[in-house]
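The values are calculated or read from the model by the stated rules, or taken from the named source; none is laboratory data. In this text, all values refer to a predicted model and were calculated from it rather than measured experimentally. Glycine also receives a Cβ, built like all others from the backbone with ideal geometry; neighbour counts cover every protein chain displayed.
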Amino acid sequence: MKRPHGFLPALVLLALSAPAAHPESFRCGRWIASPDMSVDELLEKCGEPTSKTVSVEDVWGPTAAGKGRVKVGETTIETWTYDRGSQSAAMVVTIVDGRIKSMERGES
């Protein structure tokens with residue numbers, strides 16, 4: 001298939017202009033908190049969160065016969081919120097089974 005002249009440069013330009021998907025990171029005092037740190041590191045750098053919610057949800061899988069579902073375990077989901085003052089949006093951290101899953105900006 002022959003592509004029109006200028007197709008490749010336009011494609012490269014489009015790829016370069018697309019925003020990269022970067023995980024959120026936040027400043028905690030003199031430290032930077034990021035999703036790739038451990039929960040212990042987060043506590044060490046940022047301290048205890050302003051608020052915390054915990055839920056336990058069932059994990060389901062297929063039955064051996066492949067018809068229906070059976071409970072195969074549980075997962076613990078924690079949502080930690082760090083209030084960072086009136087000048088900054090809150091930091092909301094989602095922790096699944098003891099590992100940081102995401103960090104997002106919450107309400108100011």
> With region 45-108 as the region, which strands (runs of 3 or more DSSP E) entirely inside it contain at least 2 residues that are over 19 Å from Arg30 (Cα atoms) and touching a residue at least 60 places away in the same chain (Cβ under 8 Å)?
Replying inline: 99-105
> Somewhere in region 51-67, is a residue of a type in the set (Lys, Arg), exposed (fewer than 10 other Cβ atoms within 10 Å of the Cβ), in contact with a strand residue (DSSP E or B) (Cβ under 8 Å, 6 or more places away or on another chain) and more than 15 Å from Arg99 (Cα to Cα)?
Replying inline: no
>> Every residue in region 74-83 that is at pLDDT below 95 and either over 15 Å from Pro35 (Cα atoms) or exposed (fewer than 10 other Cβ atoms within 10 Å of the Cβ) (or both), please.
In response: Asp83
>> Is it the case, given these coordinates, that Arg99 is on the phi < 0 side of the Ramachandran plot and modelled with pLDDT under 95?
In response: no
> Does Ile95 qualify as being within 14 Å of Leu42 (Cα to Cα) and either touching a Lys or Arg at 6+ places or on another chain (Cβ under 9 Å) or of a type in the set (Gly, Ala, Ser) (or both)?
Replying inline: yes
>> For the condition of a type in the set (Gly, Ala, Ser), under 22 Å from Arg105 (Cα atoms), modelled with pLDDT of 95 or more and exposed (fewer than 14 other Cβ atoms within 10 Å of the Cβ), what is the one hit in Ser86, Ser38?
In response: Ser38
